[in-house]
Amino acid sequence: MRRWWELSIEAGISVGASAHLNDSAGSRFAVTVKTRIFFLEDWSFHRAVTVAALVYVAISLLVYWPLWPGDPHLMVGCACGDPALQSWFLGYTPWAILHGHNPFFTTYMDYPRGANMASNTLMPLLGVLGYPITAISNAMATFNFLMWLSYPLSALSAFFVVRRLAKSNIAAFYAGLVYGFSPYMLHQGYGHLNLIFVPLPPLIFYFVAKILVLQDGHSLRTGLALGLAIGAQFLISTEVDVTAVIIAVLLALLWSLLNWRLLTRDRVVYVLNALLPGICVAGVLIAYPAFYAIFGSNAVRAPYQNGILNPYRADLIGAIIPNSLQQFAPNSLATIADRLTAGSIFENGSYLGLPMLLAFFIAWIRYFHLRWVRFAGVAALVSWVLSLGPWLVVDTHQTSLRLPFFYLAKLPMIFDLLPARFSLYVAFFVAATVAAGVAAWITDARLRFESGQHASRRQNLTTGLISVCLLASLVAIFPKLPTATGPTSNVTPSFFTSSAADVIPEGSAILTYPYPDPLYSQQAMLWQVATKWRWKMMGAYAQIPGQFANSVTPNPWPTPPLGVVNFLQYWDGYLQGTVNTMPPAVISPILIRQTKDFVHRYQISSVVVDLSSTHSDQAVRLFTDALGQPQLIGGVALWSRLATLTK
């Protein structure tokens with residue numbers, strides 16, 4: 001392969017002759033641009049991936065600016081809701097392992113009944129990998145670091161896969177940008193670490209392609225790599241793992257049906273030699289957490305998301321209309337897009353933009369004869385159809401047309417998937433299709449250039465159109481930055497970040513105000529994170545079995561006497577938000593007796609009221625009447641050493 005300067009010299013000679021004959025200054029510029037493109041394509045893999053990594057990291061730093069990776073003082077999204085919950089999960093796994101607890105079950109939330117962590121979005125692998133940051137700082141810092149790391153890692157994964165298959169640095173760089181910074185990623189990036197830490201799905205697809213199509217490596221190694229990727233993804237996100245496997249299986253079946261003549265005995269043996277050890281490895285990694293999620297204590301066996309009825313599905317027009325989270329979204333269009341996907345803009349990751357769709361169809365049609373272009377395009381369409389859900393929805397209007405997801409969602413363990421989240425794979429395969437087409441286009445241009453052929457007018461028009469589409473497609477999906485962040489100090493009183501919290505006996509149960517619930521009050525979960533699980537928490541925000549058979553709820557399990565928790569939840573806003581006609585909760589002699597009984601029954605060692613929280617005066621009055629005068633310290637009212645309190 002010739003050096004870039006040799007191409008430059010040849011280009012200069014060619015352009016000089018052309019200028020002499022045709023007096024065309026544009027030719028010199030065009031050849032110079034082509035030469036530089038070929039120069040980029042001649043970069044080694046290591047050089048290309050290094051440059052790509054630096055670019056992806058730089059973009060990722062802008063996503064959460066001014067939050068820096070591992071910042072313990074700010075939180076992605078807000079210091080509440082799912083970010084608080086996932087920080088708790090990240091820190092709990094290594095803490096439980098180091099303290100000899102079962103990481104898949106805990107009574108440190110929703111005490112005394114406890115919660116099945118395997119039935120929740122625990123992310124045990126990320127918790128273990130992030131433990132060094134948790135140990136040095138806290139789990140909130142780990143959450144922030146991994147949220148940031150999700151973007152460059154996921155982009156580099158797509159870069160690697162496309163680079164290996166398409167053999168083009170430019171195409172791989174484009175695919176990494178689209179996959180790693182797609183609307184799906186940026187929208188879920190407001191608080192769902194388990195859904196955006198996705199470097200493994202492209203590798204899963206790649207290993208499946210190597211086993212079924214390429215068969216160019218040792219079958220055992222490829223099979224083991226596939227098994228490790230599937231097992232590891234399960235320990236990051238069960239939902240992403242299941243959806244990735246579904247797509248991989250569907251594509252494998254489709255390829256086998258379309259290429260059945262190629263399924264010789266040797267190819268089938270290769271597939272079996274790879275899949276059997278891969279399944280064994282994945283099974284070993286998945287077996288216990290999957291078993292405990294289904295059969296363990298307080299396992300959630302009923303559907304919570306309910307994919308068939310869940311409104312989070314892609315709308316037919318969602319791919320072409322940007323919502324208000326995109327930088328370039330006219331208000332008239334954003335207003336329409338914001339009400340798609342049941343009005344949750346964070347679940348609407350289906351947007352691709354007209355330029356990218358145009359580039360996709362140009363690449364797919366022009367290079368349909370090429371294997372990877374053809375197959376990636378089919379994969380994009382399969383993923384898109386699944387993202388539409390069980391019925392076709394057009395501009396929020398559900399039609400009677402049933403789609404494949406309707407039948408897929410009836411299978412065991414699949415009924416709880418959210419169709420809209422298949423948009424992750426739509427973005428990947430659309431990017432892979434365009435990238436494969438770009439790689440073929442660059443190859444054709446290079447062959448013409450090196451053979452001295454002049455491009456026709458049609459070829460020049462195609463080149464210009466593709467170039468404009470590629471640039472416009474990246475501009476169209478550019479998100480509105482930076483993503484919102486919130487300070488942790490606003491919800492964590494200094495009492496919990498100082499040695500004053502040592503007054504709480506280790507392993508004891510405490511009652512907090514605000515009382516932890518899924519809608520308004522997740523502060524206590526961050527208090528536990530700050531004190532490194534020193535105490536057990538009444539209430540929780542986690543998926544647990546409901547009070548009725550085959551039901552599931554994120555609400556805390558009722559703890560009688562119910563008057564105490566109802567009083568706390570009324571004043572922190574939870575019951576006011578769910579039952580608007582409920583009369584105001586008042587302090588009465590009966591409620592005071594119930595409070596004393598509550599503390600005794602559940603062996604509460606301490607009661608803590610955040611004085612900055614809404615209506616904290618009501619909680620202080622109740623506990624003062626029942627338990628005596630509190631100690632005011634570090635922004636809280638504290639009643640401690642309650643273990644000896646009797647009825």
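The values are calculated or read from the model by the stated rules, or taken from the named source; none is laboratory data. Please read all numbers here as calculations on a predicted model, not as lab measurements. When we count neighbours, we look across all protein chains shown, and the Cβ atoms used for this are built from the backbone with ideal geometry, even at glycine.
Only residues that are among the aliphatic types (A, V, I, L, M), outside any strand (DSSP E or B) and in contact (Cβ under 8 Å) with a residue 60 or more places away in the chain: list them for the range 506-538, please. Let's see the steps before the verdict.
Pass one, the range 506-538, residues among the aliphatic types (A, V, I, L, M): 509-511, 519, 524-526, 529-530, 537-538.
Retained after the next criterion (residues that are outside any strand (DSSP E or B)): 519, 524-526, 529-530.
Result: 525, 526, 529, 530.
I'd like the full set of residues that are touching a Pro at 6+ places or on another chain (Cβ under 8 Å), part of a helix (DSSP H, G or I) and within 29 Å of residue 470 (Cβ to Cβ), limited to the range 380-418.
So the first thing to find is which residues in the range 380-418 are touching a Pro at 6+ places or on another chain (Cβ under 8 Å), and the list is 385-390, 402-403, 405-406, 409, 415-416.
From what's left, part of a helix (DSSP H, G or I): 385-387, 405-406.
Once the filter is applied, which keeps residues that are touching a Pro at 6+ places or on another chain (Cβ under 8 Å), part of a helix (DSSP H, G or I) and within 29 Å of residue 470 (Cβ to Cβ), the range 380-418 yields 385, 386, 387.
Is at least one residue of the range 181-196 at pLDDT 95 or above, within 24 Å of residue 276 (Cα to Cα) and part of a helix (DSSP H, G or I)?
For the range 181-196, residues at pLDDT 95 or above, within 24 Å of residue 276 (Cα to Cα) and part of a helix (DSSP H, G or I): absent.
Filter the range 291-322 for residues that are buried (at least 19 other Cβ atoms within 10 Å of the Cβ), farther than 30 Å from residue 110 by Cβ and touching a residue at least 40 places away in the same chain (Cβ under 8 Å) and give the result.
Result: 313, 314, 315, 319, 322.
When you look at residue 605, is it modelled with pLDDT of 90 or more, buried (at least 16 other Cβ atoms within 10 Å of the Cβ) and touching a Ser or Thr at 6+ places or on another chain (Cβ under 6 Å), yes or no?
On the way: modelled with pLDDT of 90 or more: yes; buried (at least 16 other Cβ atoms within 10 Å of the Cβ): yes; touching a Ser or Thr at 6+ places or on another chain (Cβ under 6 Å): yes.
Yes, satisfied.
Any idea which residue in the range 452-491 is nearest to residue 75 (Cα to Cα), counting only those that are assigned to a loop (DSSP other than H, G, I, E, B) and modelled with pLDDT under 75? First the steps, then the outcome.
Residues of the range 452-491 that are assigned to a loop (DSSP other than H, G, I, E, B), as a first pass: 452-456, 477-478, 480-484, 491.
Of the ones still in play, those that are also modelled with pLDDT under 75 are 452-456.
Working: 452: 57, 453: 57, 454: 56, 455: 53, 456: 55 Å.
Selected residue: 455.
With the condition kept exactly as written, say whether any residue in the range 539-553 is in a strand (DSSP E or B) and without any contact (Cβ under 8 Å) to a residue 60 or more places away in the chain. Show your work before the answer.
Quick first cut of the range 539-553, residues in a strand (DSSP E or B) only: 544-545, 552-553.
Retained after the next criterion (residues that are without any contact (Cβ under 8 Å) to a residue 60 or more places away in the chain): 553.
The answer is yes; a qualifying residue exists.
Condition check ((1) surrounded by 18 or more Cβ atoms within 10 Å (Cβ to Cβ); (2) within 30 Å of the chain's Cα centre (by Cα); (3) farther than 22 Å from residue 90 by Cβ) across all residues:
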residue: 466; (1), (2), (3): yes, no, yes
residue: 501; (1), (2), (3): yes, no, no
residue: 507; (1), (2), (3): no, no, no
residue: 529; (1), (2), (3): yes, yes, no
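Of (1) in the same structural domain as residue 597 (by TED's automatic domain parsing); (2) buried (at least 23 other Cβ atoms within 10 Å of the Cβ), residue 439 satisfies all except one. Which?
Here residue 439 meets the rest and fails (1).
Look through the range 115-143, keep the residues that are assigned to a loop (DSSP other than H, G, I, E, B) and modelled with pLDDT of 95 or more, and return whichever of them is farthest from the chain's Cα centre (by Cα).
Applying the first criterion (assigned to a loop (DSSP other than H, G, I, E, B)) to the range 115-143 yields 120-123, 130, 137-138.
Among the residues that remain, those that are also modelled with pLDDT of 95 or more are: 123, 130.
Working: 123: 11, 130: 16 Å.
In this case the residue turns out to be 130.
Suppose the filter is of a type outside the set (S, T, N, Q), assigned to a helix (DSSP H, G or I), surrounded by fewer than 17 Cβ atoms within 10 Å (Cβ to Cβ) and in contact (Cβ under 8 Å) with a residue 24 or more places away in the chain; does residue 429 pass it? Write out each step before concluding.
Values: of a type outside the set (S, T, N, Q): yes; assigned to a helix (DSSP H, G or I): yes; surrounded by fewer than 17 Cβ atoms within 10 Å (Cβ to Cβ): no; in contact (Cβ under 8 Å) with a residue 24 or more places away in the chain: yes.
No: the conditions fail for residue 429.
Return only the number of the condition from (1) buried (at least 20 other Cβ atoms within 10 Å of the Cβ); (2) over 30 Å from residue 477 (Cα atoms) that residue 277 does not satisfy.
Here residue 277 clears every test but (1).
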